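Quick one: the structure is below, questions incoming.
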Amino acid sequence: MKKGFFVFKAVFIFILLILSSIVLYYFFYYNQNYDWQSIALRGNWMVTIFYFTIFFYALFFLINFRLFNLIFVIIITFGAILWLIIYLFDLFKIEIGFWDWYTIRDSTTIVSICILSPGFTLNQIKFIKNHSNQNEKGKVFRNFHIHEGFVGIIFVILAIILMIAFYILIQFKIMNNKLKIILAITMILLYLFLFSGSFLIFRDRRDLINLKFIEKRNPTINNDRSTVFNPITQDSIQFFKSPHLILYSFGLLLNSFSLNMLVHGKDFLLEEIFKLKYGIVVFLGFIFCFIGGALIGIDWYRLFGKIYPTEYQEIEKILNKLRN
């Protein structure tokens with residue numbers, strides 16, 4: 001049974017890679033043969049963005065999480081370096097005489113943005129795994145514990161400030177032409193703060209409801225321990241409870257779409273088709289990002305179990321003992 005499932009996954013991944021090659025071929029073809037403002041070219045952008053959003057969403061569940069994270073780091077690093085180099089060439093009017101570097105930059109940007117959401121989510125869960133021991137430095141500062149929900153509220157406020165800054169910046173023509181990179185970086189930072197904030201708020205929602213922001217604790221406390229979380233007490237049972245519905249998968253997909261709406265705007269949802277202005281698309285991306293982060297925050301423990309099954313089983317044994 002396992003061997004058959006492995007073969008199915010391998011075949012499915014191979015088909016996805018073939019489709020990726022076809023999509024990239026047409027992306028290059030349309031970029032070189034169609035006018036920049038043509039509906040055909042912009043429609044091709046939309047199809048390419050949609051495809052790679054779904055591609056990395058599927059790949060997230062099909063391959064080993066360590067392998068996915070390695071692919072994520074390589075793509076993001078390569079994409080950021082290439083993006084910066086070509087931007088500097090363009091800014092200082094340095095001619096690049098071979099290859100269509102701008103199409104390569106655009107395709108790399110699409111791929112990098114599409115993998116950012118699942119990759120960042122994976123590293124968010126990884127960060128939680130590595131920094132959830134109360135006795136670690138930084139978790140408790142001079143016996144005071146800062147609740148995640150409080151940090152989440154600060155992140156959301158920063159995201160709102162960046163959102164206001166974005167709407168101010170797009171009023172200037174130079175931002176829509178030569179300094180597009182500033183708008184893109186603003187949107188990426190907005191996404192990182194908004195997703196992290198929403199995730200932390202809804203993961204720590206029970207403490208926020210009880211108005212727990214900063215709490216004095218004893219850093220030497222030693223109750224039921226796991227290799228990841230300490231302490232685990234009777235009060236922790238609700239914290240590790242997953243909802244009946246699988247929410248994190250919807251949150252991941254919604255998050256991927258929202259990031260592309262924030263960064264690509266009308267290239268993600270064509271104005272000619274959806275009749276939505278650029279500012280409206282970005283605002284919808286803001287809303288969807290918050291909802292996506294909230295869904296993952298509510299269902300974080302189930303996703304944690306998928307990524308770290310050994311640690312999940314260890315925590316479940318401790319929780320079952322506490323329940324009994």
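The values are calculated or read from the model by the stated rules, or taken from the named source; none is laboratory data. Nothing here was measured: the structure is a model prediction, and the numbers come from that model. Here the Cβ is made from the backbone with ideal geometry for all residues, glycine too, and neighbour counts use every protein chain on show.
For residue 56, all conditions in the list (1) out of contact with any Cys (no Cβ under 7 Å at 6 or more places or on another chain); (2) in a helix (DSSP H, G or I) hold save one; what is the number of the exception?
With respect to (1) out of contact with any Cys (no Cβ under 7 Å at 6 or more places or on another chain); (2) in a helix (DSSP H, G or I), residue 56 is out only on (1).
From 129, 93, which residue is at pLDDT below 80 and either of a type outside the set (Val, Ile, Thr) or outside any helix (DSSP H, G or I) (or both)? Break it down stepwise before answering.
Numbers: 129 fails: at pLDDT below 80.
Going through 129, 93 in turn, just one is at pLDDT below 80 and either of a type outside the set (Val, Ile, Thr) or outside any helix (DSSP H, G or I) (or both): 93.
Hey, can you tell me all the residues within region 237-281 that are assigned to a helix (DSSP H, G or I), of a type in the set (Phe, Trp, Tyr) and farther than 17 Å from residue 190 by Cα?
In the first step, residues of region 237-281 are kept if they are assigned to a helix (DSSP H, G or I); the result is 237-239, 248-267, 271-274, 278-281.
Still in the list and also of a type in the set (Phe, Trp, Tyr): 239, 248, 250, 257, 274, 278.
239, 248, 250, 274 - these are the residues of region 237-281 that are assigned to a helix (DSSP H, G or I), of a type in the set (Phe, Trp, Tyr) and farther than 17 Å from residue 190 by Cα.
Please verify whether residue 7 is free of Cβ contacts under 8 Å to residues at least 60 places away in the same chain, assigned to a helix (DSSP H, G or I) and closer than 20 Å to residue 259 by Cα, treating the condition exactly as stated. First the steps, then the outcome.
Details: free of Cβ contacts under 8 Å to residues at least 60 places away in the same chain: yes; assigned to a helix (DSSP H, G or I): yes; closer than 20 Å to residue 259 by Cα: no.
The answer is no for residue 7.
I'm trying to understand the selection: among the residues of region 252-294, which are at pLDDT below 85 and closer than 24 Å to residue 108 by Cα?
265, 266, 267, 269, 270, 271, 278
In addition: Quick check on my filter: what residues within region 1-33 are aliphatic (A, V, I, L, M), surrounded by 13 or more Cβ atoms within 10 Å (Cβ to Cβ) and over 12 Å from residue 55 (Cβ atoms)?
Passing the criteria: none in range.
Please give the number of the condition residue 189 fails out of (1) of a type outside the set (D, E, K, R); (2) modelled with pLDDT of 90 or more; (3) crowded, with 19+ Cβ neighbours inside 10 Å.
So the condition that residue 189 fails would be (3).
State the number of residues belonging to region 246-278 that are of a type outside the set (Ser, Thr, Tyr), within 21 Å of the chain's Cα centre (by Cα) and at negative phi. Reasoning before the result, please.
Taking region 246-278 first, the residues of a type outside the set (Ser, Thr, Tyr) are 246-247, 250-255, 257, 259-277.
Filter once more, keeping what is within 21 Å of the chain's Cα centre (by Cα): 246-247, 250-255, 257, 259-269.
Subset that is at negative phi: 246-247, 250-255, 257, 259-264, 266-269.
The qualifying residues number 19.
So which residues in region 285-317 are among the β-branched types (Val, Ile, Thr) and either crowded, with 17+ Cβ neighbours inside 10 Å or touching a Gly at 6+ places or on another chain (Cβ under 9 Å) (or both), if there are any at all? Can you show your working first?
First, the residues of region 285-317 that are among the β-branched types (Val, Ile, Thr): 287, 291, 296, 298, 307, 310, 315.
The answer is 291, 296, 298, 307, 315.
Here is a follow-up. List pairs: first residue in region 282-297 and at negative phi, second residue of a type in the set (D, E, K, R) and in a helix (DSSP H, G or I) anywhere in the structure, Cβ distance under 7 angstrom, at least six positions apart or on different chains.
Hits for this filter: 297/203.
Kindly check whether there is at least one residue in region 39-51 that is among the polar types (S, T, N, Q), under 16 Å from the mean Cα position of the chain (by Cα), part of a helix (DSSP H, G or I) and on the phi < 0 side of the Ramachandran plot.
As a first pass, look at region 39-51 and keep what is among the polar types (S, T, N, Q): 44, 48.
Filter once more, so that each one left must be under 16 Å from the mean Cα position of the chain (by Cα): none.
The answer is no, given that none of the residues of region 39-51 is among the polar types (S, T, N, Q), under 16 Å from the mean Cα position of the chain (by Cα), part of a helix (DSSP H, G or I) and on the phi < 0 side of the Ramachandran plot.
Related question: Of the residues 160, 170, 153, 174, which is at pLDDT below 85 and surrounded by 13 or more Cβ atoms within 10 Å (Cβ to Cβ)? Steps first, please.
Numbers: 160 fails: at pLDDT below 85; 153 fails: at pLDDT below 85; 174 fails: surrounded by 13 or more Cβ atoms within 10 Å (Cβ to Cβ).
Going through 160, 170, 153, 174 in turn, just one is at pLDDT below 85 and surrounded by 13 or more Cβ atoms within 10 Å (Cβ to Cβ): 170.
Here is a further query. Could you check region 28-54 and list, in sequence order, the residues that are polar (S, T, N, Q) and under 16 Å from residue 271 (Cβ atoms)?
The initial filter retains those residues of region 28-54 that are polar (S, T, N, Q), namely 31-33, 37-38, 44, 48, 53.
Matches in region 28-54: 37, 38, 44.
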